[in-house]
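Asks: Sharing a structure with you now.
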Amino acid sequence: MDVMSNSLESKTAVARPDSKSLRATVPEGIVAFLGLASGDTLDWKMEFRNNERIVEVRKARKK
């Protein structure tokens, strides 16, 4: 299996004043890489690896 790694950054902002949720923009490179379009669903997976918090984000499969 080939492993490709590239790092992109985006900043968070308050989603709504009455919520603890944050909002972030998905960088253009990730939009292209995942083939995302407006209205697509993202699947978030959280885990600990070597005492580090890791989050994986994937384009959810259509049901």
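We did not get these values from a lab; they are worked out from the coordinates using the rules stated. Being a predicted model, the structure only gives us computed values, none of them experimental. Ideal geometry is used to build each Cβ from the backbone, glycine not excepted, and the neighbour counts take in all protein chains shown.
Asks: Excluding residue 56 itself, what net charge comes from residues whose Cβ is under 14 Å from its Cβ, given Lys and Arg +1 and Asp and Glu -1? Intermediate results must be reported in sequence, preceding the final value.
Replies: Numbers: positive: 45, 49, 53, 58, 59; negative: 43, 47, 52.
Around residue 56, the charge tally is +2.
Asks: Next question, about the same structure. If I model a spin label at residue 48 and residue 19 as a point 7 Å from the Cα along the Cα→Cβ vector, what separation in nanometres do I get?
Replies: Taking the simple label geometry, residue 48 and residue 19 are separated by 2.9 nm.
Asks: So what is the 222 nm mean residue ellipticity for the chain from helices alone, if each DSSP H run of at least 4 adds -39500 (n - 2.57) and you divide by all residues, rounding to the nearest 500 deg cm²/dmol?
Replies: Mean residue ellipticity, 222 nm, calculated: -3000 deg cm²/dmol.
Asks: Here are labelled values, [x] 36, 14, 8; [y] 21, 18, 13; [z] 33, 12, 5, and one is the computed semi-axes √(5λ) of the Cα gyration tensor in Å for what I pasted. Which one?
Replies: [y]
Asks: Something else: Compute the distance in nm between two label points, each set 7 Å from the Cα along the Cα-to-Cβ direction, one at residue 12 and one at residue 38.
Replies: 2.6 nm
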